[in-house]
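Structure record follows, encoded as structure tokens.
The values are calculated or read from the model by the stated rules, or taken from the named source; none is laboratory data. All figures in this text were calculated on a predicted structure; none of them were measured in a lab. Quick reminder, even Gly has a Cβ in these numbers, built from the backbone with ideal geometry, and neighbours come from all protein chains shown. Surface areas here come from the heavy atoms of the whole protein model, side chains and all, with no ligands, DNA or RNA. Shrake-Rupley method; radii C 1.70, N 1.55, O 1.52, S 1.80 Å.
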Amino acid sequence: MRDHGGAPVVNLAENVYYRLHAPADTAPDSRSLPVVTTDPSRPITIAPVAPLITPALAGEGVWTPTQAIPGHAASVLTTFIRPDPAHASVVAGIARFDQRTVSTRLIPGTREPSGLGWPEAGRVPAASRPTLLATFNSGFKMKDANGGFSADGRTPVPLRDGAASAVIDSSGVVHIGAWGRDVGAGPDVVAVRQNLDLIIDHGQVVPGLDINGGGQWGSASNSCSTPGGPASASR
């Protein structure tokens, strides 16, 4: 419906539903939370994520190793936090990838950024699947992203100076920054995906994010769904 002029109707329906079914402000059932495990042979040296709600739940913000490459403590760490003090039942999961042991690749989708004609045909290549750790959506649809897309030597949507950009180099390492200031074109850059503007800049929340004047960081009428178009992380 959003893609066919129905965004105002969808927004109204979603907001009415949310007001009638808002998340509870009590802690979630502990049985529904992930089980946090520790392994003395693989100590985690990364500091926990500081909880936004106190007291914290058991295991909240504590990193847990989930996937490992031989010879390394962990390639993927996960944890959970409650991000909304006004609705303490809401739980968000976080995954952290060790870029020393994984490689990331941007795969164009079947509809985004420009339809068919890409060598991957919107799929993780078969050769990469045995070592695949994760796939995830690459962000806003291009019509809402206010930015560009570049992969496989093609740039079907022009890159915008200042846009928040995930830049993947030839070794599969991801660099995130403002295009033209922190990151930019170069011989080692193999893919770029842009999404609106930075929300964290040099470790600080950017000014105006809480107000979002002019929809600089998206709005309820933007769709975060990108059919196809995954990014993938593999060993």
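With each label modelled as a point 7 angstrom along the Cα→C-beta vector, the Ile46-Val189 pair spans 2.6 nm. Comparing Cα centroids, segment 129-205 and segment 83-127 end up 12 angstrom apart. Converting the Cα gyration tensor eigenvalues of segment 79-126 into ellipsoid dimensions via √(5λ) gives semi-axes, longest first, of 33, 18, 7 Å. Springs between Cα atoms under 10 Å define the GNM used for the chain, and in it the highest mean-square fluctuation of Ala178, Ala191, Ala13 occurs at Ala13. Rounded to the nearest 500, the helix-only mean residue ellipticity at 222 nm of the chain stands at -2000 deg cm²/dmol, with each DSSP H run of n ≥ 4 adding -39,500 (n - 2.57).
Beyond 16 Å, the tail of the calculated P(r) for segment 72-172 holds 68 percent of the Cα pairs.
Pairs of Cα atoms nearer than 8 Å and 6+ residues apart set the relative contact order; for the chain it is 20 percent. Across Pro113, Pro187, Pro34, mean-square fluctuation computed from a Gaussian network of the chain (C-alpha pairs under 10 Å connected) peaks at Pro187. Pick from Val173, Val16, Val76: which residue has the top mean-square fluctuation in a GNM of the chain where Cα pairs under 10 Å get a spring? Highest fluctuation of the listed residues: Val16.
Listed options for percent of Cα pairs over 24 Å apart are (i) 48; (ii) 61; (iii) 57. The value calculated from this structure is the one marked (iii). Taking the protein heavy atoms of the chain in the context of the full set of protein chains, the accessible area attributed to carbon and sulfur is 57 percent at 1.4 Å.
Per residue, the accessible area of the chain comes to 57 Å², computed with a 1.4 Å probe over protein heavy atoms only.
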